[in-house]
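One structure is given below, encoded as structure tokens.
The values are calculated or read from the model by the stated rules, or taken from the named source; none is laboratory data. It should be emphasised that the depicted structure is a prediction, and the values quoted were computed from it without experimental measurement. Positions of Cβ are generated from backbone atoms using ideal geometry, with glycine treated the same way; all protein chains shown enter the neighbour counts. Surface areas here come from the heavy atoms of the whole protein model, side chains and all, with no ligands, DNA or RNA. Shrake-Rupley method; radii C 1.70, N 1.55, O 1.52, S 1.80 Å.
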Amino acid sequence: MSRRVIFCYGDSLTYGFPDPATPYSMYLERELNDLYDDEDDDDDDDSSSSSSSSKPTSETTRVVARHLGIPGYTARMMLDHINDDRTGLCPVIWRDRADRAISLVVILAGTNDIAMMEDTSTDVARSILRTIIDLHERAIECHGEDDGGGDGDDDGDDDDTRRLHTLAIGIPGSAYQNMVRAAADFATYINDGLRAFASSSSSSSSSPSNSRISYVDFPFPYNENGEEWNEDGLHLSEMGYQRLGRELAHRVKEILDGH
């Protein structure tokens, strides 16, 4: 397996707030490399009697997970600023486009949209869902563009290892959702919508992003007394970010191994 780069993008939950930041990306990277190293060790054991094995060694089985988390950003802000040189997702993709280094973008968004909602109508929940979907589709479009938006050749590339995939993480629970039923309903609606969209896109041929957007539920529920949660009832503790990274690793590996 060649070197793969994962880029984790989102709000303060991706940043690893509170300071000193402990982003889940570093635990995701560590767990992924451990998984691939274990896989290589198994391959070495299976082929120990064969001198013709061409399996890669653990030194070449490397995954790098980088991140950009902007505290306070809503999904709407992420989409509106997607071309921003400092906070935007597309410039990150464009900078790596020369060698198509980024294989997967992991996006955790929507928590702040729910926290800032002033209207609890279904139209608002639908708008947040659509915004997150647009963020994923736009990321894939950016991978097929030259710096600044020129046409690229991503859609015509038959080598799937050079095509960008995205993974949506479901909105996690929070103390706010426990207190405000409408907020919990919004999170459920959006997560169900993201799951359905990812499932439907995998069988659709009408979009250039078909089969390239995946979904995973947030790995563990909110627990007021849980060691994974910060006392503010919204962010994770260091243990929580560590658990998030570790538990995402198997799903991320499935995606990497599939393309």
Do we have any residue at all in the stretch 175-183 that's outside any helix (DSSP H, G or I) and either modelled with pLDDT of 95 or more or among the basic types (Lys, Arg) (or both)? yes
Taking the stretch 129-144 on its own, how many of its residues are in contact with an Asp or Glu (Cβ under 7 Å, 6 or more places away or on another chain) and either farther than 27 Å from residue 244 by Cβ or surrounded by fewer than 23 Cβ atoms within 10 Å (Cβ to Cβ) (or both)? 1
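Here's the yes/no breakdown for (1) more than 28 Å from residue 3 (Cα to Cα); (2) in contact (Cβ under 8 Å) with a residue 60 or more places away in the chain:
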position: 77; (1), (2): yes, no
position: 96; (1), (2): no, yes
position: 101; (1), (2): no, yes
position: 129; (1), (2): yes, yes
position: 135; (1), (2): no, yes
Which pairs do you get when a residue that is within 17 Å of residue 232 (Cα to Cα), found in the stretch 16-38, comes within reach of a residue that is surrounded by fewer than 16 Cβ atoms within 10 Å (Cβ to Cβ), reach meaning Cβ atoms under 8 angstrom, with the pair 6+ apart or on two chains? 18/230; 18/232
Checked the stretch 62-84 for anything within 16 Å of the chain's Cα centre (by Cα) and assigned to a helix (DSSP H, G or I); matches are 75, 78, 79
Out of all the residues in the stretch 211-227, which are in contact with a Ser or Thr (Cβ under 6 Å, 6 or more places away or on another chain), in a loop (DSSP other than H, G, I, E, B) and on the phi < 0 side of the Ramachandran plot? 222
Residues (among the basic types (Lys, Arg) and either assigned to a loop (DSSP other than H, G, I, E, B) or buried (at least 20 other Cβ atoms within 10 Å of the Cβ) (or both)) located in the stretch 85-128: 86, 97, 100
Do you know which of the residues in the stretch 219-242 that are touching a residue at least 60 places away in the same chain (Cβ under 8 Å) and closer than 19 Å to residue 65 by Cβ is most open to solvent (accessible area, probe 1.4 Å)? 238
Can you find a residue that is over 18 Å from residue 14 (Cα atoms), basic (Lys, Arg) and under 16 Å from the mean Cα position of the chain (by Cα) anywhere in the stretch 240-251? no
